[in-house]
Amino acid sequence: MRLAVDGPVATVWLDRPEVRNAQTFATWSSLARVPGLLPPDVRVVLLRATGPDFSAGLDLRQLRPGGTAEGSVEALLPGSDAEVAAAIAGFQEAFTPWRALPAVVVAVVQGRALGAGAQLALAADLRVLAADAQLVVAEARLGLVPDLGGTAVLVELVGYARALELCLLARPVGAAEALAWGLVTAVAGEEGLDAAVDALVAALLALPAPVLAATKQLVAGAVGRTADEQRRAERTAQVPLLRAAARPG
């Protein structure tokens with residue numbers, strides 16, 4: 001994994017194209033550290049990947065006896081149930097911080113995003129897919145459940161029945177279908193994926209920084225609030241923006 005910062009835009013790259021950007025425990029440890037490394041003036045974060053696929057998900061070698069140098073499931077299992085669950089909680093830290101950032105986080109997906117790859121895309125605020133991209137919630141194929149935070153996002157985006165179908169059947173969802181369901185923000189057209197991302201980033205950066213951050217915070221927290229709490233959050237967020245808008249000059 002590598003991080004590149006260009007002014008207000010940070011790009012986080014999964015960079016193991018030789019294994020289709022399969023993720024290891026070390027990948028997750030690195031991802032969890034990224035939010036703390038971002039400069040305060042970053043307003044957009046792109047989650048991207050090198051090579052033809054976004055991510056093949058968990059590096060399956062970690063499920064095999066001996067695992068890899070980056071760790072193994074086998075090494076976790078002698079622990080108590082609580083200890084194994086605590087280890088999973090640590091893995092989840094790679095996927096949970098992105099909505100808490102003031103910056104808008106955009107997953108840019110080409111090829112296939114399987115399992116943990118789909119979970120990482122779901123952890124972003126917005127998703128832009130190449131026309132041939134696919135999202136696959138694939139954990140059931142391994143006899144596992146999705147455990148990296150994506151189930152709540154799926155229900156929020158597509159509803160209970162579709163979310164359950166995707167989790168149980170591990171059916172690939174193509175870009176056009178994902179767009180129709182509201183699972184993704186945009187699908188790249190003939191201009192290509194980079195051009196679609198550039199257009200979205202330009203539109204986001206055209207907004208004043210306080211508006212971008214306040215709107216993200218307001219919308220991101222809406223699901224967990226009552227209607228009264230959301231109205232309170234709206235007016236609380238609006239007061240400083242009104243003052244700034246009315247300020248001379």
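The values are calculated or read from the model by the stated rules, or taken from the named source; none is laboratory data. Being a predicted model, the structure only gives us computed values, none of them experimental. With ideal geometry, Cβ positions are generated from the backbone for all residues, glycine too; neighbour counts draw on all protein chains shown.
Which members of the range 71-126 meet the condition of being assigned to a loop (DSSP other than H, G, I, E, B) and within 18 Å of Leu38 (Cα to Cα)?
Once the filter is applied, which keeps residues that are assigned to a loop (DSSP other than H, G, I, E, B) and within 18 Å of Leu38 (Cα to Cα), the range 71-126 yields Glu93, Ala94, Phe95, Thr96, Pro97, Leu101, Pro102, Ala103, Ala124, Asp125.
Test Ala22 against the stated conditions and say whether it is touching a residue at least 60 places away in the same chain (Cβ under 8 Å), closer than 20 Å to Ser72 by Cα, of a type in the set (A, V, I, L, M) and surrounded by 15 or more Cβ atoms within 10 Å (Cβ to Cβ).
Values: touching a residue at least 60 places away in the same chain (Cβ under 8 Å): no; closer than 20 Å to Ser72 by Cα: yes; of a type in the set (A, V, I, L, M): yes; surrounded by 15 or more Cβ atoms within 10 Å (Cβ to Cβ): yes.
Spelling it out, it is not the case that Ala22 is touching a residue at least 60 places away in the same chain (Cβ under 8 Å), closer than 20 Å to Ser72 by Cα, of a type in the set (A, V, I, L, M) and surrounded by 15 or more Cβ atoms within 10 Å (Cβ to Cβ).
On the basis of being at negative phi and at pLDDT below 95, does Ser72 make the cut?
Yes, satisfied.
How many residues does the range 9-54 contain that are on the phi < 0 side of the Ramachandran plot, in contact with a strand residue (DSSP E or B) (Cβ under 8 Å, 6 or more places away or on another chain) and outside any helix (DSSP H, G or I)?
Qualifying residue count, the range 9-54: 23.
Between Arg127, Arg112, Arg48, which is at pLDDT 95 or above, of a type in the set (D, E, K, R), within 26 Å of Val173 (Cα to Cα) and surrounded by 24 or more Cβ atoms within 10 Å (Cβ to Cβ)?
Arg127
Taking into account only those residues within the range 197-211 that are over 18 Å from the mean Cα position of the chain (by Cα) and among the aliphatic types (A, V, I, L, M), which is surrounded by the most Cβ atoms within 10 Å (Cβ to Cβ)?
Checked the range 197-211; the qualifying residue surrounded by the most Cβ atoms within 10 Å (Cβ to Cβ) is Leu205.
Among the residues of the range 41-70, write down those that are among the basic types (Lys, Arg) and either under 23 Å from the mean Cα position of the chain (by Cα) or not assigned by TED's automatic domain parsing to the domain that holds Phe91 (or both).
Arg43, Arg48
It is to be established whether one or more residues within the range 34-43 are in contact with a Ser or Thr (Cβ under 9 Å, 6 or more places away or on another chain) and either touching a residue at least 24 places away in the same chain (Cβ under 8 Å) or surrounded by fewer than 16 Cβ atoms within 10 Å (Cβ to Cβ) (or both). Give the derivation first.
Quick first cut of the range 34-43, residues in contact with a Ser or Thr (Cβ under 9 Å, 6 or more places away or on another chain) only: none.
No, the range 34-43 has no match at all.
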